[in-house]
């Protein structure tokens, strides 16, 4: 039984199509299809069947795909033991991270690893998505940094390894001199009647707006929905409108002030998400440890804005 066939079937189950597998592995769809036919000939049973305009795994294919996940994890375990035998983690670790979390995590992580682990190459990609879209990134990255307001394991991460890196307060942002800035904290009722800059629907910050509406039975008017926190800061600083911004990375010189919101839980979980096989790699575990340390430092050092 060819291990490459097992890993291919695992990839097909996880990615859902021959085209997606081909793109991820830098091959043509015809090359992937040819390898699938070769696997079926070797094993003596059909492994895929026609489904709509594509293919899906047969029962035999699904069984072997599950075996492919076991093989991948075993290979990762052996690699981890080998790295430990050599005495240090090495190689490339790819990280996909939401920008607002990367801002308070990655500087400390890169600084630590550059000194302690010179053989480790950290490659970072910033990705700003809705909460339930982060889990899919583990197919193409060793480690994904996601966030969630509702639970410590973001939506869609069942079956994956998750580790909370930090619990970051989300505060109400306003311009300096705003009428609400005179208060040390705000109640939901204080926010009624003010226009907001919000985030796209489905993004965790929007949960705060929904909670305020539920608590007050009043509608919050969102005049713009924007992803970039720096842009939100600039707009809030130049108006009477409010917004939700993260405490750790809203700089004092941004022209806005932050106030905590009472009576409604508004902290978000910043969470590392990994495939079980990737979590076995010594290099990945070393990066994860550095992220945990950076998150703890951010929590310890940040007070209300």
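None of the figures in this text is laboratory data; all of them are computed from the coordinates on show. Predicted, not measured: the structure shown is a model, and the values here were computed from it. No Cβ is skipped: glycine too gets one built from the backbone with ideal geometry, and neighbour counts run over all protein chains shown.
In whole angstrom, how far apart do the alpha carbon centroids of the stretch 130-157 and the stretch 274-299 sit? Centre-to-centre distance over Cα atoms comes out at 15 Å.
Under the criterion of Cα pairs below 8 Å and six or more residues apart, the relative contact order for the stretch 3-82 equals 39 percent. With helices as the sole contributors, the chain gives -13000 deg cm²/dmol at 222 nm; each DSSP H run of n ≥ 4 counts as -39500 (n - 2.57), and the sum is divided by every residue. Sorted fewest first by neighbouring Cβ atoms within 10 angstrom, 250, 79, 125 come out as 125, 79, 250.
Please order 147, 51, 88 by the number of other Cβ within 10 Å, starting at the fewest. All intermediate terms of the calculation are to be shown ahead of the outcome.
Numbers: 147 24, 51 10, 88 14.
So the residues, fewest neighbours to most, are 51, 88, 147.
Exposure proxy for 128, 83: other Cβ atoms within 10 Å of each Cβ, ordered fewest to most, give 128, 83. The order of the peptides 273-281, 110-118 by mean Cβ neighbours within 10 Å, most packed first, is 273-281, 110-118. Annotation: the antiparallel percentage among DSSP beta bridges lying fully within the chain is about 60.
For the stretch 162-263, what class follows from the C-alpha gyration tensor (a ≥ b ≥ c being the square roots of its eigenvalues): rounded when a/c is under 1.5, otherwise prolate if a/b is larger than b/c, else oblate? Since a/c stays below 1.5, the shape of the stretch 162-263 is classed as rounded. Helix 206-216 and the long axis of the chain differ in direction by around 50°, with both axes built from C-alpha atoms.
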